[in-house]
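In what follows, a structure is listed as structure tokens, so that the remarks can point back to it.
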Amino acid sequence: MSDSSTVSYREVLRHREYRGIVLSQAVSEIGDQIARLALALVVLDRTGSAFGAAAAFAVSFLPMFLGSAVLGPLADRLSRRSVMLVADAARAALIAFFALVAVATTPLWLMFLLLFFAELFTPAFDAARTATIPDVLDDPAECAAGFGLSRTVSLASQVVGLVVGGAVIGTLGARLGLIVDALTFVVSFLILVVMVRHRPAELMGGASLRSLVRDASAGLGQLSTDPARRSLLMLALASALAVVAPEALALAYARDMNAPDVAGAALVACVVGGAAVGSVLVSRRRPGRQIELLLPLSFGCGLVLLLAAPAPPIYVVMVLWLVSGLFQAFLVPCMAFMTLLTPGEQRGRIAGLSASAWAAATVVAFLVSGAAADLTSPAFSVVLCAGISLVLLLLATRRWPGRELRRRVSRLSGGGDGAMIARDRADGHVVDDDLPEVDDRSITEALRDVDASGVMKR
């Protein structure tokens with residue numbers, strides 16, 4: 001499929017395995033959001049601290065930071081389907097236990113610890129799911145659209161989780177909300193069993209702690225020597241404060257304006273809902289156009305938040321956060337091309353490292369925004385975080401490899417962006433056609449090198 005083609009979501013959803021992957025993702029992420037919302041509201045009610053509520057959200061990302069770089073390579077060394085199934089089963093059991101012990105007298109530190117252990121299995125699951133999508137969608141344009149739909153589903157699941165979580169927690173209580181979360185992992189497990197087929201591991205030799213650490217170290221070296229993939233990751237990390245602060249402070253923001261908790265949930269829904277719509281719009285553009293949109297959207301995400309500096313009414317804030325969420329769509333091509341520009345046997349380690357880095361940035365953003373809100377106000381903290389993020393973006397994009405990204409993406413899609421390269425030449429820019437590929441051969445050639453089982457060989 002050429003780069004100029006527009007891939008519809010109907011085209012990617014015709015793949016049964018891909019439907020299974022996104023369906024299991026949606027079910028489990030709705031449950032996750034219920035658990036996180038329950039813990040955040042419990043902490044806010046007990047302490048009245050914006051930092052405490054933000055920390056409740058941050059603890060769910062901490063295992064991603066600690067475990068993604070090491071556990072991500074499991075997706076290369078073990079069957080990716082098996083990794084996802086074991087992770088779902090373990091999370092279902094741990095969250096069910098969490099629900100049993102989560103009573104009114106349970107210390108907050110113990111609730112934080114239990115959620116932390118449950119989330120430890122998420123890094124391996126996410127790395128396996130991310131690495132499986134290119135196995136299922138072996139056309140580059142379809143794969144990019146598939147990643148876009150996956151992110152859209154993730155964001156929509158957060159909105160649904162907030163609505164359902166508010167209803168469940170308000171009527172049934174936090175414990176039953178956690179039981180609902182445990183059941184979602186059981187449903188996800190069954191969906192994967194029925195709809196996703198087994199594939200052998202990409203790398204031989206099984207998994208050991210030494211091999212996982214070695215894979216993570218090798219992945220770090222690969223990222224550090226590849227300006228294209230490194231720049232995509234740095235762009236995402238630099239934007240973390242602007243992306244995270246509105247969600248981290250939404251509940252405290254609403255209470256600070258004497259609005260009900262439902263207004264705080266609505267603020268979060270505006271951000272993630274806007275991001276879901278933006279993801280749909282951006283992921284359906286041709287890959288070359290997505291690369292062109294990276295910088296405008298990433299800067300726009302923070303600039304819009306600065307307009308909230310005069311402390312407008314909450315309904316105006318909702319509109320601003322909705323627009324900021326729309327601009328978060330630049331994360332779609334960041335995620336898609338980080339994976340597509342990586343050889344198949346290395347996707348798990350790169351996905352794990354990227355997830356670990358993003359989780360670290362997310363945890364820092366939650367804590368920084370929460371601490372700033374306690375020292376000043378939630379409204380000021382959001383504006384401050386947006387300003388810091390814009391400065392970091394300026395530093396991260398000083399040597400933006402735009403032409404190299406366009407060239408590499410053009411090769412992914414069979415040369416459909418050749419006109420962009422021709423324009424670079426016409427403008428007097430040097431375009432080096434001899435730059436080495438990420439893989440030993442172009443990914444378009446590798447996509448044709450598929451064995452009978454459908455696993456790509458690299």
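A few notes on this one:
- Counting every other Cβ atom within 10 Å of each residue's Cβ, W400, W321, W109 order from fewest to most as W109, W400, W321.
- Put in line by how crowded their Cβ is, counting other Cβ atoms within 10 Å and starting with the fewest, Y18, Y253, Y315, Y9 read Y315, Y9, Y18, Y253.
- Selection from P343, G370, I314, by position along the positive dipole direction of segment 272-409 (Cβ): P343
- Highest-first arrangement of 332-338, 270-276, where packing means the average Cβ count within 10 Å: 332-338, 270-276
- Three principal axis extents of segment 294-342 based on alpha-carbon atoms, in descending order, are 46, 15, 10 Å.
- Here D256 and R10 are evaluated by their C-beta separation; at R0 = 41 Å the FRET efficiency comes out at 0.40.
- Loop-located trypsin sites (Lys or Arg not before Pro) in segment 274-304 (DSSP state not H, G, I, E or B) with no more than 12 neighbouring Cβ atoms inside 10 Å do not occur.
- Here each label is just a point 7 Å from Cα along the line to Cβ, and for V391 and A371 those points are 1.5 nm apart.
- Sorting M318, M111 from the fewest to the most surrounding beta carbons within 10 angstrom yields M318, M111.
- Calculated on the Cα set of segment 229-388, radius of gyration then Dmax: 16.0, 53 Å.
- Note that segment 398-409 has calculated 3J(HN,Hα) couplings of 4, 10, 5, x, x, 5, 5, 4, 5, 5, 5, 5 Hz, one per residue in order, obtained from phi through the Karplus relation 6.51 cos²θ - 1.76 cosθ + 1.60 (θ = phi - 60°); glycine and proline are x.
Just so you know, all these numbers are worked out from the coordinates, no wet-lab data involved. The structure displayed is predicted, hence computed values, not measured ones. Cβ: placed from backbone, ideal geometry, glycine included. Neighbour counts: every protein chain shown.
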